[in-house]
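Below is one structure, written out as structure tokens; the observations come after it.
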Amino acid sequence: MSLQTQIMDELKTAMRAKDTVALESLRSIKSELLLAQTASGSKEEISEDEEVKLLQRLVKTRKESARIFTEQNRPDLAEPELAQIAVIEKFLPAQLSDAEVEAIIAKIITETGASGIASMGKVMGLASAQLGGTAEGKTISTIVKKLLA
């Protein structure tokens, strides 16, 4: 089932349940999907990789907003952002733990023979491609830096 179909089904469920947080999150996802689809100029659906990147971007912006609201001592604004993150993450692939990511990156480093910070770009490219939507870019970057240092 495509992401758009899943979103529409969840939207209907959220409307029936009068779940405003889920509705807001799902409408946001639907909007971003439509924008991405029309930006390419075609009526074809976007690829699964692009869908995952789009969802990760939505989660990232909400995490950043929640962090800022928390720093400004505004828990009333941070809570809805965190609730929306939970709704959006339902559609993302399962995230790997830091230990799992570290093991995969260590394997990539040994396979490529990378050493030192100078080869970080090469390792990051391979790690990002291999880990896809299963780990955040920031986590990957931190672990690569740690292992190459």
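Taking region 25-53 as the range and being at pLDDT 90 or above and surrounded by 15 or more Cβ atoms within 10 Å (Cβ to Cβ) as the test, the residues that pass are Ser25, Leu26, Ser28, Ile29, Lys30, Glu32.
Criterion first (more than 21 Å from Thr13 (Cβ to Cβ), surrounded by 15 or more Cβ atoms within 10 Å (Cβ to Cβ), among the polar types (S, T, N, Q) and not assigned by TED's automatic domain parsing to the domain that holds Thr134) does Gln72 satisfy it? Criteria not met by Gln72. Of the helices (runs of 4 or more DSSP H) that lie entirely inside region 8-121, those containing 2 or more residues that are within 23 Å of Ile140 (Cα to Cα) and hydrophobic (A, V, I, L, M, F, W, C) span 48-71, 75-89, 98-112.
Is it the case that Thr61 is of a type in the set (Val, Ile, Thr) and at pLDDT below 85? Considered against the rule, which asks whether it is of a type in the set (Val, Ile, Thr) and at pLDDT below 85, Thr61 comes out as no.
The values are calculated or read from the model by the stated rules, or taken from the named source; none is laboratory data. Since we're looking at a predicted model, the values are computed, not measured. As a convention, Cβ positions derive from the backbone with ideal geometry for all residues, glycine included, and neighbour counts pool all protein chains shown.
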